[in-house]
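This report concerns only the one structure given below.
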Amino acid sequence: CGIVFGNILLSRLHPMLPKWIGPEALRLEDGDLKALFSDVEEGRLKPIIEPSSPFEFTAGGARDALRLQKSKHAHGKVVIQIAKE
């Protein structure tokens, strides 16, 4: 607990480190999700997907996806494709 609190405090005080999001920032108000989906549909918000994604929904594909995510070298969201459309 002490290490986590220290990292959060350091990240809020140091201008060059990313700010950690606390639980208070994750509260949703009525209409927030509707507005979020509207932004996605209208192209104002676009998720960045890791170029090597999507990974297959197999043991090997999941292992590769998790290895990439754990390496912290992913350039966007790591996606595992469960079903093909």
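The values are calculated or read from the model by the stated rules, or taken from the named source; none is laboratory data. A quick note: this is a predicted structure, and the numbers were derived from the prediction, not measured. Cβ placement follows ideal geometry from the backbone for every residue including glycine, while neighbour counts extend to all protein chains displayed. Please note that ligands, DNA and RNA were not included when accessible areas were found on the heavy atoms of the full protein model with its side chains. Shrake-Rupley method; radii C 1.70, N 1.55, O 1.52, S 1.80 Å.
K34: which lysines have alpha carbons under 18 Å from its alpha carbon, excluding same-chain residues fewer than 8 sequence positions away?
Counting by Cα, and skipping residues close in sequence, K34 has these lysines nearby: K46.
Collect residues whose amide H, placed 1.01 Å from N in the peptide plane, falls under 5 Å from the amide H of I80; neighbours closer than 5 in sequence don't count.
F55
Solvent-accessible area of S38, probe 1.4 Å, all protein chains present, reported in Å² to the nearest ten, please.
Its accessible surface works out to 30 Å², give or take rounding.
By a straight-distance test (C-alpha under 20 Å), which aspartates and glutamates pair with K70 as possible cross-link partners, with residues fewer than eight away in the same chain excluded?
Straight-line reach from K70, under 20 Å: E50, E56.
Check each of the trypsin sites (Lys or Arg not before Pro) in the range 29-85 and keep only those in coil by DSSP with at most 10 other C-beta atoms within 10 angstrom; list them in order.
Listed in order of number, the matching sites are R44, K72, K84.
First select every other residue whose beta carbon is under 15 angstrom from the beta carbon of L68; then total the charges, Lys and Arg +1, Asp and Glu -1.
+2
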